[in-house]
Every structure is written in structure tokens, then in C-alpha cells.
Amino acid sequence: MKDLSNFRKSYEKSELLEHSIPEDPINLFHKWFHEVIDFGGVDEVNAMTVATLGLDHFPKARVVLLKHYDAEGFVFYTNYNSEKGKSIIKHPNVCLSFFWHSIERQVIIKGVAEKTTANQSDNYFASRPVGSQLGAIVSDQSEVIPNRLYLENQLALLEKEWEGKEIPRPENWGGFLVRPVSVEFWQGRPNRLHDRIRYTMEKDFNWKIERLAP
């Protein structure tokens, strides 16, 4: 067994203090997101982990790509009939997390997911490359398939069928909007005394700001 007890680094690149943060977590997320872009060292800044409670009552986490965020929340797209999609529809309380190692930061978002409007999903689907559009149609996401060749053959058939045509969005494919109820910002600090600031949505729709022990 590999002993990892000596895998350590000291986090010293930044700090997170109450006097320098906005009242709204979306504004701080926006600031951090663009600071990560400017700092570099992360291939896909919008990669995030989505954790759900499955129909089998086991939690499951997987990485997806954030495609939009604003004051309402955070949007990603998927097949609604996938394991992920079915889990979210049954248990809409989800957790999103970002880990930006180059700048020693994490963001953890608890929220309630709902489907985006058909118009929003249509617009995003239309913006995707043709290959990605056809891939969404070909893949019965999370279902067992015989082999890789099965997918490639199905794709080849669809490429011929839809050549030169506008490809409609499948009804079982679209977006989820996660409306946050809690957003935690984690900044690595020396001696494992990390900064943790949590925003919690209150009944009056204002955000309560608290510091958590590391």
C-alpha cells in the first residue's frame, strides 16, 4: 500500500478576509472565477463536481462543465434520462464544488436544481458544434451498451441523416439551474489554518455571512 502521509504543501498564495468580500456570494464567485482565469494553470476553469443522491440512495459525484451563472444560480446541461438527470429530478437538493488548485481555492455550493426553460435549452443546444449535438442524440447516457463500435456506427448513421440540416434538441436533453442556498469559499492558508467563509440564504432572501473554523 502506498503511504501518502508525507504528501504536503503549504498554502500561501492568498487570503480571504471579511472586510474585503461583497455581500452577495455570486459577486465573489465572479471575482474568483476571473482571478483563476488570469492566474492560469487550470485547463477548464468551469469544471465542477456535481454530487447527487441516486435512486439507489447512494451519493454520487461526477465532473461536469458550468455553462452559465448569474444572480439566479448555476447552469449545466445533461441528458435528463441519465443516472444524473434522474437523480436530480427525484432528489433536487444537490452540491456543486470547484477546486482551483493553481490558486489554492475551493467553492462549495449547496442548492436546489430545476430544469431550465425549453427556450434556454434550445438556445444552448443550437450553439453546440454539430458533433456534440449528434453525440447528445446518439448516447443513451448511463445505459449499458455492447461496445465502442456501437456508438461510432450510430453516429455515422446520424451524420448521414442530418447532413446539411438543422438538428433539433432532443426533448430528454437540457439544462439544470441550481439555485444556491449556501455558498462556501475556501482559501488555503499556512499551517492548515485555511480561510472558510460561508454565505447562507435566509428567509428574507438576504445572505448571512459566517466564518468557519478550518
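Here are a few things to note about the model shown:
- When the convex hull of its Cα atoms is projected in every direction, mean area for segment 126-192 (nm²): 8.9 nm²
- Projected area, mean over directions - segment 1-105, Cα convex hull, nm²: 9.8 nm²
- Candidates VAL64, VAL107, VAL94: whichever shows maximal mean-square fluctuation once the chain is modelled as a Gaussian network with Cα springs under 10 Å: VAL64
- Gaussian network model of the chain, Cα within-10 Å springs - most flexible of TRP162, TRP100, TRP173: TRP162
- Taking 30 Å as the straight-line reach from the Cα of LYS86, the lysines in range (excluding those fewer than 8 positions away in the same chain) are LYS60, LYS67, LYS110, LYS115, LYS203.
- Helix-only [θ]222 nm of the chain, DSSP H runs n ≥ 4, -39500 (n - 2.57) each, per residue, nearest 500: -8000 deg cm²/dmol
- Debye-sum result for the chain in log10 I(q)/I(0), which assumes one identical scatterer on each alpha carbon, at q = 0.09, 0.11, 0.16 Å⁻¹: -0.45, -0.66, -1.15
- Cα gyration tensor, segment 45-134 - rounded (a/c under 1.5), prolate or oblate: oblate
- Paramagnetic label zone (point 7 Å from Cα along Cα-to-C-beta, ASN27; backbone N under 20 Å) in segment 68-87: 69-74
- Largest GNM mean-square fluctuation across PHE185, PHE176, PHE33, computed for the chain with C-alpha springs under 10 Å, falls on PHE33.
- Sulfur and carbon atoms: percent of accessible area, the chain [1.4 Å]: 52 percent
- Listed pairs LYS31/LYS208; LYS2/LYS31; LYS13/LYS90 exceeding 30 Å between Cα atoms: LYS2/LYS31; LYS13/LYS90
The values are calculated or read from the model by the stated rules, or taken from the named source; none is laboratory data. These figures come from a predicted structure and were not determined experimentally. Counting neighbours? That spans all protein chains shown, and the Cβs are built from the backbone with ideal geometry, glycine included. Accessible surface is based on the protein model in full, side chains and every heavy atom, while ligands, DNA and RNA are left aside. Shrake-Rupley method; radii C 1.70, N 1.55, O 1.52, S 1.80 Å.
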